[in-house]
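The values are calculated or read from the model by the stated rules, or taken from the named source; none is laboratory data. Only a predicted model underlies this, so the values are computations on that prediction, with no experimental measurement involved. Because the Cβ atoms are built from the backbone with ideal geometry, glycine has one as well, and the counts that use them run over all protein chains shown. All accessible areas refer to the heavy atoms of the entire protein, side chains included, with ligands and DNA or RNA removed. Shrake-Rupley method; radii C 1.70, N 1.55, O 1.52, S 1.80 Å.
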Amino acid sequence: MIKSMGKKRSIVKKAREDLQRIIETCKSVEVKGLDPYLVDVEDLIRAIREYFPNWEKIEDLCLDTEALNHIASIVKMQGEWVKNRATALYRDPFLIEEKISGLPLEDIVEIFLESWRPIVEFEQLTINSFSEALRYWSELSPLSERWQRIGFTKTDLQTVTHEDVVKEGFLSSESFFEDLESLWRELKEAASVKGKVEYWDFIGSDTYEETVKRAYLTSFLITYGYAILEIHHLEEEIFILPNEKPSEKKGESISFPISINFEEWVKWREERKA
Amino acid sequence: MERGEKGLSRKAYYASKIKRAVHLLFYKRHSMPGARGWELRKAIGSDYPKIINLLDKYLERLDLTIKQVFEEEASPPEKPTPEQYDKARFYVALRSGFTSRDLKLIGWRIDDLAALCASIAYIISKGGKAQRKDLEDLLKNKIPGWRVDIDLNRFVRSGYLIEDENGQIYLGWRTRAEVDQKKLVDLLLKTEIESPAQKWGNHPGEYKF
């Protein structure tokens, strides 16, 4: 009995080592970009299948899964390798290497110049951009003031409750739902032409404090279903679309943080002025 | 008379759109030059492909062209959809290319450019990625080691190559935009390597090693 247990233990130990070896082999092919057909996938799968009945511990099963995962990556690489060989661009790497080593630099450059069409870029100061920059410079407050002003924003991110906002004097407790209603009406009016309005154009106001207040109320409009956010990731644009009636929540809700910091507001104000 | 005025205002309309497109395409506004299709649409309207074609025809006289690089770079669409146009990147590039005499004008040393060419060709031959170490070994055959490092870092910085955290090197956005990869590989394979004796015999006094 003891002898058979000892035998089983040694089989498990060997199997573990083999799985580790399989993982290492696959990893080195993946990282070094070696020919994936150097790996005999069928052989590895056969070994994994053979060892599978020995696994009892969860760690061993994890090792088994990891090995399978790496083999799957190799199979994927083999697919890509075949695809690459089938493209018009494929040429024997050995031939290319030989040419690169054998040709003088001048000939290599001649060849490159025939297939190279560099991009044209300009860098130039215009009178308009210069006067714009001057205007910005004259309006820019001294560093000591700016650092003082943004000092309070350099704290950790925290959530704000309705009570906190009332306490800070941004909102009065009685008017919260009235404010929300009036903002909803305003949103519907602003979006009456296009059906939507750009986020910053809606929340942005003449003062930073008012902008924060509008952003805060707008987040409630969205949470309570009075409006929805439309996010265009590619264009980095965010729109708000008002709902005619507060919509019932369907599906899982997600939170989407939007930074309303002082610099963003100054930038928006500058753009609006321009 | 009215017809003439209409024609004039149409001309003025296109002229102003073309000017706007020139500003967007020639001047760098992000870390990368050129503009995305959606940026052009936003600035010059939904008929921007037509404006780009008009500008391209105009630039032909100056030996320049507008190059479109689509996201599906392996097989660029024959008839791109508006969505594909929106995601594509548009650049102004040279139409006919340089000669080796122009090299000094564009600020490239001949050995740096040869190293770039060798790197690109080698990566293409390796199926789009290669180990930095292998590439360094290849380049060290012809240029000093300290220069190889500087060159590779420069190629990565300017977008010709991309390096990942495992030391693998890939072709970057600038190579895709500027280099005709198929032509490069074909030309390289077509060129005969002359033996030193052949060279000496063909061009006495012009031996290049």
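Among the residues of the stretch B:174-209, the ones that are modelled with pLDDT of 85 or more and more than 10 Å from chain A (Cβ to nearest Cβ) come to 1 in all. Residue by residue through the stretch B:96-115, note down the ones that are facing chain A (nearest Cβ under 7 Å), under 19 Å from B:ASP180 (Cα atoms) and crowded, with 16+ Cβ neighbours inside 10 Å. Those that are facing chain A (nearest Cβ under 7 Å), under 19 Å from B:ASP180 (Cα atoms) and crowded, with 16+ Cβ neighbours inside 10 Å: B:GLY97, B:PHE98, B:LEU113, B:ALA114. For the stretch A:103-133, a tally of residues being loosely packed, with under 12 Cβ neighbours inside 10 Å and hydrophobic (A, V, I, L, M, F, W, C) returns 4. A count restricted to the stretch A:88-109 and to residues that are at pLDDT below 85 and more than 7 Å from chain B (Cβ to nearest Cβ) stands at 3. Across the stretch A:88-99, the qualifying residues are those that are open to solvent by 10 Å² or more (accessible area, probe 1.4 Å) and assigned to a helix (DSSP H, G or I), and the one among them that is farthest from B:GLU136 (Cα to Cα) is A:LEU95.
Within the stretch B:25-137, which strands (runs of 3 or more DSSP E) (wholly inside it) include 3 or more residues that are among the aliphatic types (A, V, I, L, M) and under 30 Å from B:LEU188 (Cα atoms)?
On the way: elements: B:64-69, B:89-94, B:129-131.
Filter on the stretch B:25-137 gives B:64-69, B:89-94.
For the stretch B:140-172, the set of residues classified as under 20 Å from B:GLY107 (Cβ atoms) and facing chain A (nearest Cβ under 10 Å) consists of B:ILE143, B:GLY159, listed by residue number. Give the number of residues within the stretch A:224-237 that are touching a residue at least 12 places away in the same chain (Cβ under 8 Å) and not hydrophobic (A, V, I, L, M, F, W, C). Going through the stretch A:224-237 one residue at a time, the tally reaches 5.
One residue stands out among those in the stretch A:212-243 that are of a type in the set (Val, Ile, Thr) and part of a strand (DSSP E or B): the one that is farthest from the other protein chains (Cβ to nearest Cβ), which is A:ILE228. Reported count of residues in the stretch B:121-134, each being without any contact (Cβ under 8 Å) to a residue 40 or more places away in the chain and within 21 Å of the chain's Cα centre (by Cα), is 4.
Got at least one residue in the stretch A:40-54 being hydroxyl-bearing (Ser, Thr, Tyr), open to solvent by less than 90 Å² (accessible area, probe 1.4 Å), farther than 27 Å from B:ILE124 by Cβ and out of contact with any Pro (no Cβ under 6 Å at 6 or more places or on another chain)? Scanning the stretch A:40-54, I find at least one residue that is hydroxyl-bearing (Ser, Thr, Tyr), open to solvent by less than 90 Å² (accessible area, probe 1.4 Å), farther than 27 Å from B:ILE124 by Cβ and out of contact with any Pro (no Cβ under 6 Å at 6 or more places or on another chain), so the answer is yes.
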